[in-house]
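Only one structure is covered here, and it is reproduced in the block below.
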Amino acid sequence: MRIEIVAYQTHWPDTFVRHAQPIRAALGRLALRVDHVGSTSIPGADAKPIIDIQISVAAFEPFDPIRLPIQNLGYVWRADNPDRTKRYFREAPGTPRVHIHVRRSGSWSEQCTLLFRDYLRSHPDDVARYAALKYRLAAQYGENREGYTEAKSPFVWQVMARANAWSQITGWQPGPSDL
């Protein structure tokens, strides 16, 4: 499937809520946070039209109480995901694109994801630069998602360095959970 970047869609926050509310209800107190993350969570950000949901949990084990309710909602667990800092689910085939990232609360990967989002929400110039890069890389990499993601990394790490400095100046902490 070809990598597609589209202009920001005002319905993305509502789409997040439509997917996240049943997840929140199914997981109850196991979900310490349920957040809209990724580019679709940043107002004005052009992005791949994929809703990213981050669910923060106290621990991955036992996993069945987390996995089974999410699977029962129709999401597909990707047990082969090589990133061991999260547990990963995708949309069912033929349904709108949704990626669910289950991360341990307080972990570096959870906090990094929230900081990146919050920093970009406050820095529209970086959002515009990121969008321009994504359009160029989508054209360059076509269907090569790994190459596209890898090529974004230097920019992402530059933004994270600025986000880290910003967090220290502002005393950044994650706000309340989106749901």
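The values are calculated or read from the model by the stated rules, or taken from the named source; none is laboratory data. It should be emphasised that the depicted structure is a prediction, and the values quoted were computed from it without experimental measurement. All Cβ positions, glycine included, derive from the backbone under ideal geometry; neighbour counts span all protein chains shown.
Of note:
- Conditions (1) crowded, with 18+ Cβ neighbours inside 10 Å; (2) more than 18 Å from the chain's Cα centre (by Cα); number of the one not met by Ala47: (2)
- Residues of the range 88-108 classified as assigned to a strand (DSSP E or B), farther than 25 Å from Asn164 by Cα and charged (D, E, K, R), total: 1
- Hey, Val127 hydrophobic (A, V, I, L, M, F, W, C), on the phi < 0 side of the Ramachandran plot and outside any helix (DSSP H, G or I) or not: no
- Scoring Lys152 on the criteria (1) without any contact (Cβ under 8 Å) to a residue 24 or more places away in the chain; (2) closer than 20 Å to Ala59 by Cα; (3) among the charged types (D, E, K, R); (4) assigned to a helix (DSSP H, G or I) leaves a single failure, condition (2).
- Among the candidates Phe155, Phe116, residue that is at pLDDT 95 or above, closer than 20 Å to Thr40 by Cβ and either of a type in the set (Gly, Ala, Ser) or in contact with a Leu (Cβ under 6 Å, 6 or more places away or on another chain) (or both): Phe155
- Condition met for Ala20 (within 25 Å of Gly106 (Cα to Cα), among the aliphatic types (A, V, I, L, M) and over 14 Å from the mean Cα position of the chain (by Cα)): no
- Count of residues meeting criterion [part of a loop (DSSP other than H, G, I, E, B) and within 13 Å of Ser177 (Cα to Cα)] in the range 1-43: 2
- Among the residues making up the range 1-40, those that are in contact (Cβ under 8 Å) with a residue 12 or more places away in the chain, of a type in the set (Gly, Ala, Ser) and surrounded by fewer than 19 Cβ atoms within 10 Å (Cβ to Cβ) are Ala7, Ala26.
- In the range 44-79, residue farthest from Phe89 (Cα to Cα) [restricted to those that are part of a strand (DSSP E or B) and of a type in the set (A, V, I, L, M)]: Ala47
- Look at the range 41-52: where a residue is at pLDDT below 95, no partner that is part of a strand (DSSP E or B) and crowded, with 21+ Cβ neighbours inside 10 Å sits 6+ places away or on another chain with Cβ atoms under 8 Å.
- Among residues of the range 32-62, those that are farther than 15 Å from Leu114 by Cβ and hydrophobic (A, V, I, L, M, F, W, C), counted: 7
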